[in-house]
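Just below is one structure, and these are the notes that go with it.
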Amino acid sequence: DFIIGSIILEAKGRFVSSDRTKMLATKEANPNLDIRMLFMRDQWCTKKKRKRYSDWCNDHNIPFAFGTALPKDWLRESRK
């Protein structure tokens, strides 16, 4: 969605199965890019409520944050 310095930021409200599949394909095709996720909140990504967005990101080594603004440390990193 956004490029901030060297960070590629994908902002999501809902993170449905097709989005997760696309994100994994993008990360696999571009292993050298710094791709991060920004979610509104840590929702469930499975119907049986076994995994949250944060769990999914942790499982796939994708940095993430919640809210409507970038974490300040991400902004500092993007200036490097």
What residues qualify as long-range amide H neighbours of Ile4, i.e. H under 5 Å apart, gap of 5 or more or another chain, H built at 1.01 Å from N?
Leu9
Sorted by chain and then number, the residues having a modelled amide H within less than 5 Å of the amide H of Asp34, at least 5 places away or on another chain, are Ile8
Residue by residue, what Karplus-based ³J(HN,Hα) values in Hz, rounded to whole numbers, does the range 57-72 have, using 6.51, -1.76 and 1.60 with θ = phi - 60° and x for Gly and Pro?
4, 4, 4, 10, 6, 10, x, 8, 8, 10, x, 10, 10, 5, x, 4
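Taking 0.36 nm per residue of separation and subtracting the Cα-Cα distance, what length does fully extending Thr26 through Phe66 add? Don't skip to the answer; put the middle values down first.
Working: separation 40, 0.36 × 40 = 14.40 nm, distance 2.10 nm.
So the extension gain works out to 12.3 nm.
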Lysine-lysine proximity count for the range 15-80, Cα under 22 Å, sequence distance 8 or more or distinct chains
7
For the range 25-30, in residue order, the Karplus 3J(HN,Hα) values (coefficients 6.51, -1.76, 1.60; θ = phi - 60°; whole Hz; Gly and Pro = x) are 5, 5, 4, 5, 6, 9
Value of Rg/Rh across the chain [Cα atoms, Kirkwood radius]:
0.96
In terms of the charge dipole of the chain, which places +1 on Lys and Arg and -1 on Asp and Glu at the beta carbon, the residue among Phe64, Ala25, Phe15 farthest towards the positive end is Phe15
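Dipole size in debye (nearest 20) for the chain around its Cα centre, Lys and Arg Cβ +1, Asp and Glu Cβ -1? Can you show the working numbers first?
Numbers: 17 positive and 10 negative charges, 81 e Å.
In total the dipole reaches around 400 debye.
Just so you know, all these numbers are worked out from the coordinates, no wet-lab data involved. Since this is a predicted model, take the numbers as computed values, not measurements. So basically every Cβ, Gly included, is an ideal-geometry build from the backbone, and we count neighbours across all protein chains shown.
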